[in-house]
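Peer 1: Pasting a structure here, questions to come.
Read-outs throughout are calculated quantities, based only on the coordinates presented, and are distinct from any laboratory measurement. Worth saying up front: this structure is predicted, and the values here are computed from it rather than measured. Cβ: placed from backbone, ideal geometry, glycine included. Neighbour counts: every protein chain shown.
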Amino acid sequence: MIKHIFFSIIYFISFSAISQIKVVERTHTNVSLIGKISHTAAFQTGGLSRKLPTADALKVIVDEDIDAYKHENYTNNLRKEANNTYKSVGVRGMAWAGGEEFSASLLHFKDRGKYLLSFQNSSYNYQMESFWLSEQTKTELHELIKGELEKKIKFKNIEVILDNNIVLVLSINKKKVSLNFWDGYNWVKSYWYRLFKINNLFGGA
C-alpha cells in the first residue's frame, strides 16, 4: 500500500513537469453578463392578438438549406457547442439575486470577442438555446427588433440570417416579440417579450 502511494506521487510530479495542458476557466474576468430577462418576467402573453395567422413561420423560411441549426447539421456542433458553453458558465451567479432564473440572457466572452444570446425554449423542453453573435450582428439585431416593435404591427414574421447561417424567425405581435428557430423536427420558441425587456436583454435602451 505504501509503495502504491509513493509511485502515484512520483508519477503526478513527473506528469506535471511535462504537461502542456492549458486550463481556461470561465470566470467573471473573461465572461460578463450584458443583459437578461428574469424568468418571472417572461410570461408576457397579455395583449397578444387572439386571431394569430394560421401560417406556420417555420414553413415559410426562404431557403431551408441555409439554416445551420437544423438537426442534420447538428453534427457540425454549432448548436451543441453554443449550448454547452452556456452551461459551462455560472450565469445564475451573475445575477444581483443569487440563483435567479433567466428566461433570456446575453453574455460577452472577451477572449472570443463574441456574444452568446440564450433564451428558454417555451414550446416543449424548456431548455436554454444559445447563438453566437458578433458585435455587429448583436447591434443590428437589437435595432431591428426595436424598429419593428415601435411600429406596433398586428402580426409579422421576419426571417433573419445570423452569423454561421443560423436562421432566426422574429414573430412580432403588436408590442411583443418572440424568438424562434426550426431544429428540423420542432419549432423552438422563446416567450413573448415587450420592448423594455428586449432593451434590458441587449444591455440598454
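Peer 1: Which order results if 177, 167 are arranged by neighbouring Cβ count within 10 Å, fewest first?
Peer 2: By the 10 Å Cβ count, ascending: 167, 177.
Peer 1: On to the next question. Simple spin-label model, 7 Å along Cα-to-Cβ: residue 174 to residue 32 in nm?
Peer 2: 3.7
Peer 1: Any of 110/152; 87/189; 110/154; 114/154; 36/175; 87/154 with alpha carbons more than 28 Å apart? Name them for me. Provide the component values of the computation, followed by the final result.
Peer 2: Working: 110/152 36 Å; 87/189 19 Å; 110/154 39 Å; 114/154 33 Å; 36/175 19 Å; 87/154 36 Å.
Pairs exceeding 28 Å: 110/152; 110/154; 114/154; 87/154.
Peer 1: Now, a different point. Near residue 170, within a Cβ-to-Cβ distance under 10 Å, what is the net charge of the other residues, with Lys and Arg +1 and Asp and Glu -1?
Peer 2: Values: positive: 156; negative: 148, 159.
Summing Lys/Arg as +1 and Asp/Glu as -1 gives -1.
Peer 1: Which order do 112, 194 fall in if you start with the one that has the fewest other Cβ atoms within 10 Å? List each step's numbers first, then the result.
Peer 2: Values: 112 13, 194 18.
In increasing order of surrounding Cβ atoms, one gets 112, 194.
Peer 1: Could you check the spin-label model distance between residue 154 and residue 139? Points 7 Å from the Cα along Cα→Cβ, value in nm.
Peer 2: 3.6
Peer 1: Next up: Determine, for 105, 134, the number of other Cβ atoms within 10 Å of each Cβ, and report the residues in order from fewest to most. Could the numbers behind the result be given before it?
Peer 2: Values: 105 25, 134 15.
Final ranking by Cβ density, sparse to dense: 134, 105.
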